[in-house]
Amino acid sequence: MQDIEVISDPAAAVVALDPVRARLLAELHEPASAATLAARVGLSRQKVNYHLRQLESHGLVEVARTRAWGGLTERLLVATAAGYVVAPEPLGTQRSTTRDGDRLSATYLIALAARVVREVGALARRATRANRAVPVFALDTDIRFATPADRAAFAEELATAVSGLTAKYHDEHAEGGRWQRLLVAVHPRPKDAA
């Protein structure tokens, strides 16, 4: 089971966003049968089976194992991931605002974040199938500025430092080199964030 799976297929997004199916996905953190799930969520086994077939047809659940039960074979299903993120494409057409955007615009930051979800999600799917890791690095921290001037000075110093590091390590013509993306974002922390 993956930690996070990015749903990029519009039909799979529709299936996953259905409230009943979303509840079933949440219940399937460990293998369970349709009968077990039906008892948990208060639906008939037939209805649960219908929803499970929809989830399975879009690769959101898979058979964990089977067991003989009387004269029948019972399938125990499990979610393919602990959590799911819907890529922006299924929800509407994507307009590229990631090149030459306004660095101080919330729209630009959202477009960059959407691109990260889309690209890293696709890389993670391929890496999982190949049983390899994706070479990524993430850094997350909180900072509290005393004044707007401090925030502006920090942004300027950060941009200078990142530009210097990029110039130091970038090799346009490196044989066998691999392109990487670097995203640095600063945004207000929501008041209810821990």
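The values are calculated or read from the model by the stated rules, or taken from the named source; none is laboratory data. Computed from a predicted structure; not experimentally measured. Positions of Cβ are generated from backbone atoms using ideal geometry, with glycine treated the same way; all protein chains shown enter the neighbour counts. What goes into the accessible areas is simple: the full protein's heavy atoms, side chains included, and nothing from ligands, DNA or RNA. Shrake-Rupley method; radii C 1.70, N 1.55, O 1.52, S 1.80 Å.
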- Task: Using only C-alpha atoms and all pairs of different ones, pull out the Kirkwood radius for the chain in Å with one decimal.
- Result: 20.4
- Label-point separation (nm) for Lys47 and Ala35, each offset 7 Å from Cα along Cα-to-Cβ? 2.0
- Cα centroid distance between the stretch 1-75 and the stretch 106-135, in Å? 25
- When you count, for each residue, the other Cβ atoms within 10 Å and take the mean per peptide, how do 113-121, 156-164 rank with the highest first? 113-121, 156-164
- Just for the Cα atoms in the stretch 1-66, what are the lengths along the principal axes, largest first, rounded to whole Å? 31, 22, 16
- Pseudo-spin-label distance Ala113 to Leu183, built 7 Å along Cα→Cβ, given in nm, is 0.9
- With all protein chains in place and a 1.4 Å probe, Leu17 shows an accessible area in Å² (nearest 10) of 100
- Task: State log₁₀ I(q)/I(0) for the stretch 134-189 at q = 0.16, 0.19, 0.23 Å⁻¹ as given by the Debye formula over alpha-carbon point scatterers of equal weight, solvent excluded.
- Result: -0.67, -0.85, -1.06
- Roughly to the nearest percent, how much of the accessible area of the chain is carbon and sulfur, given a 1.4 Å probe? 55
- Note on the structure: With the 1.4 Å probe rolled over protein heavy atoms, the chain has an accessible area per residue in Å² of 73
- Message: Once you place label points 7 Å from the Cα toward the Cβ at Trp69 and Tyr169, how far apart are they in nm?
- Response: 5.2
- Query: What does the helix-only formula give at 222 nm for the chain: each DSSP H stretch with n ≥ 4 adding -39500 (n - 2.57), the total divided by the residues, and the result rounded to the nearest 500 deg cm²/dmol?
  - Reply: -14000 deg cm²/dmol
- Task: Take Leu158, project a point 7 Å from its Cα along the Cβ direction, then tell me which residues of the stretch 171-187 have their backbone nitrogen under 15 Å from it.
- Result: 182-187
- Query: Among residues other than Leu77 whose Cβ falls under 11 Å from its Cβ, what is the net charge (Lys/Arg +1, Asp/Glu -1)?
  - Reply: -2
